[in-house]
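The values are calculated or read from the model by the stated rules, or taken from the named source; none is laboratory data. Remember, it's a predicted structure, so these values are computed and weren't measured experimentally. Reconstructed Cβ throughout: ideal geometry from the backbone, glycine too, with neighbour counts over all protein chains shown.
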Amino acid sequence: MNRDFIAKHWYADIYEQFENQTDDVEFLLNLLRQRKNGAPQKILEAACGGGRICLPLAKAGHIVTGFDADAHMLLRCYRKMKGMSNIVCYSADALTSDWGSDFDVVVLAGNLLLNIETDTDYAKAQQIFIRKAASALKPGGHLFLDFDLLFDPARFFSSLRESSYFSGTDDMGTSGRTVSCGSVYDPVTRICAGTNHWELTTNNGESFIIPKVWHKHIPTQAQVYSWLDEAGLSIERSFKNYLDEPIPEPIDESTFRATVWAKKNT
Ligand SMILES: C[S@@+](CC[C@H](N)C(=O)[O-])C[C@H]1O[C@@H](n2cnc3c(N)ncnc32)[C@H](O)[C@@H]1O
């Protein structure tokens, strides 16, 4: 096994150990019950990862398709969906693949808008995700978009402190931790960039470092809303911080999470 395989396998395993929250999934399931009368929906989840969201959707009786570019994440999803006839998954890069068509609901969740893997213009990639989601929907279908919308991104992203967000041992006995060395946020371009590395030790005691550099674009509310509009999607409901309360325009200081339920124009 090469180091790249070991590292990606470790990360997918540890990601699942830490990122196992269900509040957003419950929120989506409730919304589907309320807005779609509990009827089974044909749902696409783009960038479904290990299936944290798409699996419960299928378990609730929906007809689900998920895809992701990360084979290690996706493998976890395949294992969990074994024996279920109402869910399929496949491997694809969201930016270059065709997402299909005629879905009742497309899910872009898990803060995906700020976690896109791309070498190209990040804001453009964010807009492409919204465009592709819209074209995968049937007229009258809905986009569920759930992402971090921060009042003051600099406070959140400008930090030169060392920190570790994941640490632990995977099912192959590889142990390690992620080490972030900080990031900076440019308020003009709204690009945030940082460096980190993973410190890993395999089960036979071999230690190595995987260096990482990353960047992301932090969109404004107005930007996201204009992308939705341009894609032919009208916001029917928005929710601030998973509360039964619309996202204010402009957002206020207490806003940290935006959930949007938008309808594809007929
Ligand atoms: C933060 S995780 C969210 C996973 C899952 N939706 C969840 O909420 O647990 C982001 C996922 O997006 C996937 N991803 C990022 N960019 C992608 C792209 N261009 N094409 C396909 N998948 C992508 C990653 O592989 C990763 O599994």
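I need the full set of residues from segment 33-69 which are among the aliphatic types (A, V, I, L, M), within 16 Å of the ligand (Cβ to nearest atom) and assigned to a strand (DSSP E or B), in order please.
Selection gives Ile43, Leu44, Ala46, Val64.
Which of the residues belonging to segment 106-151 are surrounded by fewer than 21 Cβ atoms within 10 Å (Cβ to Cβ), more than 23 Å from Gly194 (Cβ to Cβ) and touching an Asp or Glu at 6+ places or on another chain (Cβ under 7 Å)?
Lys138
Please determine whether any residue of segment 146-161 is in contact with a Pro (Cβ under 8 Å, 6 or more places away or on another chain) and more than 25 Å from Ala109 (Cβ to Cβ).
yes
Taking only segment 11-39 into account, find how many residues are of a type in the set (A, V, I, L, M), more than 30 Å from Thr169 (Cβ to Cβ) and either touching a Phe, Trp or Tyr at 6+ places or on another chain (Cβ under 7 Å) or not assigned by TED's automatic domain parsing to the domain that holds Arg237 (or both).
Total satisfying the criteria: 2.
Mind telling me which of the residues Gly38, Gly61, Gly66 ends up being buried (at least 17 other Cβ atoms within 10 Å of the Cβ) and among the small types (Gly, Ala, Ser)? Walk me through it before giving the result.
Values: Gly38 fails: buried (at least 17 other Cβ atoms within 10 Å of the Cβ); Gly61 fails: buried (at least 17 other Cβ atoms within 10 Å of the Cβ).
The conditions single out Gly66.
Output the qualifying pairs, or none if there are none: Cβ atoms under 7 angstrom, residues six or more apart or on different chains, first residue in segment 70-83 and within 12 Å of the ligand (Cβ to nearest atom), second residue among the charged types (D, E, K, R).
These pairs meet every condition: His72/Lys8; Leu74/Asp68; Arg76/Glu16.
Name the residue, out of Asp171, Asp119, that is under 30 Å from Ile43 (Cβ atoms), outside the structural domain of Asp93 (by TED's automatic domain parsing) and in a loop (DSSP other than H, G, I, E, B). Spell out the reasoning first.
Numbers: Asp119 fails: outside the structural domain of Asp93 (by TED's automatic domain parsing).
Residue meeting the stated conditions: Asp171.
Is one or more of the residues making up segment 125-139 near the ligand (Cβ under 10 Å from one of its atoms), within 29 Å of Ser183 (Cα to Cα) and without any contact (Cβ under 8 Å) to a residue 24 or more places away in the chain?
No, because not a single residue in segment 125-139 is near the ligand (Cβ under 10 Å from one of its atoms), within 29 Å of Ser183 (Cα to Cα) and without any contact (Cβ under 8 Å) to a residue 24 or more places away in the chain.
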